[in-house]
Amino acid sequence: MSRVEEAKQRLRGSIAPIITPFNEDGSIDFETLENLINWHIESGSHGISVTGTTGEPSSLTVEERVQVMEAAAKAVNKRVPFVPGTGSTNHQETLYLTKKAQEIGADAALVIVPYYNKPSQHALYKHFKAVADSVELPIIVYNIPGRTATNLQVETLAKLSKDCSNIIGVKESNKDFEHINRVLLNCGRDFLLYSGIELLCYPMLAIGGAGHISATANVAPQKVAEIYDAWNEGNMKRAQDLHYDLMPLNDVLFKDTNPAPLKAALGMMGKIKPVMRLPMDLPAQELQDEIREVLKQYVDLPEEVASK
């Protein structure tokens, strides 16, 4: 079986996009990163991703991104698929990081539409084709127009999927559900479609999606993974119940820019030191109080935290 065909079979379910934990001095907390990865795998996450949007990649140097990828690959240790984010606003950095992902044995790379510089569809095609041609590694394109200011059009993605055999899927953080339906229509029903929008994780499975890469998995990995498991087992009622059960948590975790609410929540849970690097910061106290109240519905917080 080819690497691409194997990836298409294995890369399904909840691929958890792990935050990058920092120490109080702002350095990367590699011990906590390993602990988080172990917790996710024990909780049923079907795959692990780092250095995507949730991992604050633009707050990391290129060297730090490589260090996080290497540490994560070692912690995962082939127990589940590993899909690091390797995209950047800079083409050469993207090539470098994607080649590094291949070197460390990643199962695929998650490559974001370049942010800030707003390339045309023609330029996006050339960028992604060059990345795909530079490696044998399977590529999952990451389309998140709310953060990049550019929407990768279905026609462009379809051309890439046709011309590059190792472009095997897309993470769509796109609220346009009509666009999302047309991805599978134009790229083929075997193209791997992942939801990056929390409220679309369940609906995307219904149209043939392969799973989800949901930031909420950082806080509730078991339930987010179970949405896929229930659907895959034919238990639509359970999947639907989980979808609605998670909605209050999803809502509060996106009242500030991701991953600020996540880090506040994980700090309350005792999983990490709640530290971010400027220009990002934790939510205002009022929102942190709201996060705490919602979180009580899902996890047992330490008494000193819950009683605040």
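The values are calculated or read from the model by the stated rules, or taken from the named source; none is laboratory data. In this text the structure is predicted, and so the values were computed from the model without any measurement. In this analysis, Cβ positions are derived from the backbone assuming ideal geometry, glycine residues included, and neighbour counts consider all displayed protein chains.
Which of the residues spanning segment 1-17 are hydrophobic (A, V, I, L, M, F, W, C) and out of contact with any Ser or Thr (no Cβ under 7 Å at 6 or more places or on another chain)?
Looking only at segment 1-17, we keep the residues that are hydrophobic (A, V, I, L, M, F, W, C), and these are 1, 4, 7, 11, 15-16.
Answer for segment 1-17, where residues must be hydrophobic (A, V, I, L, M, F, W, C) and out of contact with any Ser or Thr (no Cβ under 7 Å at 6 or more places or on another chain): M1, A7, L11.
Any idea which of (1) farther than 23 Å from H212 by Cβ; (2) among the aliphatic types (A, V, I, L, M); (3) in contact with a helix residue (DSSP H, G or I) (Cβ under 7 Å, 6 or more places away or on another chain) is the one V141 doesn't satisfy?
With (1) farther than 23 Å from H212 by Cβ; (2) among the aliphatic types (A, V, I, L, M); (3) in contact with a helix residue (DSSP H, G or I) (Cβ under 7 Å, 6 or more places away or on another chain) applied to V141, the lone miss is (1).
Determine which member of the set L200, L192 is under 15 Å from L11 (Cα atoms) and under 17 Å from the mean Cα position of the chain (by Cα).
Going through L200, L192 in turn, the sole match is L192.
Determine if segment 54-66 includes at least one residue that is under 25 Å from G146 (Cβ atoms), not β-branched (V, I, T) and not in a helix (DSSP H, G or I).
Within segment 54-66, one or more residues are under 25 Å from G146 (Cβ atoms), not β-branched (V, I, T) and not in a helix (DSSP H, G or I).
Let me spell it out: the conditions are (1) over 21 Å from the mean Cα position of the chain (by Cα); (2) of a type in the set (A, V, I, L, M, F, W, C); (3) at pLDDT 95 or above, and L262 meets all of them except one. Which number is the exception?
Single failed check for L262: (1).
Take segment 160-172 and flag every residue that is of a type in the set (K, R) and buried (at least 18 other Cβ atoms within 10 Å of the Cβ).
At the first step, the residues of segment 160-172 found to be of a type in the set (K, R) are 162, 171.
Correct list: K171 only.
For segment 127-141, which positions are crowded, with 24+ Cβ neighbours inside 10 Å, free of Cβ contacts under 8 Å to residues at least 40 places away in the same chain and in contact with a Lys or Arg (Cβ under 9 Å, 6 or more places away or on another chain)?
Scanning segment 127-141 gives a single hit, V141.
When both residues are 6+ apart or on different chains and their Cβ atoms are under 7 Å apart, which pairs have a first residue that lies in segment 227-240 and is modelled with pLDDT of 95 or more, and a second that is surrounded by fewer than 17 Cβ atoms within 10 Å (Cβ to Cβ) and not polar (S, T, N, Q)?
A230/R238
Output the residues belonging to segment 1-44 that are in a loop (DSSP other than H, G, I, E, B), in contact with a helix residue (DSSP H, G or I) (Cβ under 9 Å, 6 or more places away or on another chain) and hydroxyl-bearing (S, T, Y).
T20
Return a yes/no flag: does segment 114-126 have any residue that is surrounded by 17 or more Cβ atoms within 10 Å (Cβ to Cβ), touching a strand residue (DSSP E or B) at 6+ places or on another chain (Cβ under 6 Å) and within 24 Å of I48 (Cα to Cα).
Among the residues of segment 114-126, not one is surrounded by 17 or more Cβ atoms within 10 Å (Cβ to Cβ), touching a strand residue (DSSP E or B) at 6+ places or on another chain (Cβ under 6 Å) and within 24 Å of I48 (Cα to Cα), which makes the answer no.
Limited to segment 241-289, what total is found for residues that are among the basic types (K, R) and within 16 Å of T216 (Cα to Cα)?
Of the residues in segment 241-289, the ones among the basic types (K, R) are 255, 263, 271, 273, 277.
Next cut, within 16 Å of T216 (Cα to Cα) only: 255, 263, 271.
So the count comes out to 3.
Consider only pairs whose beta carbons are under 9 Å apart and that are at least six residues apart or on different chains; among these, list those whose first residue lies in segment 192-218 and is closer than 19 Å to M236 by Cβ and in contact (Cβ under 8 Å) with a residue 40 or more places away in the chain and whose second residue is of a type in the set (K, R) and crowded, with 24+ Cβ neighbours inside 10 Å.
What qualifies is H212/K171.
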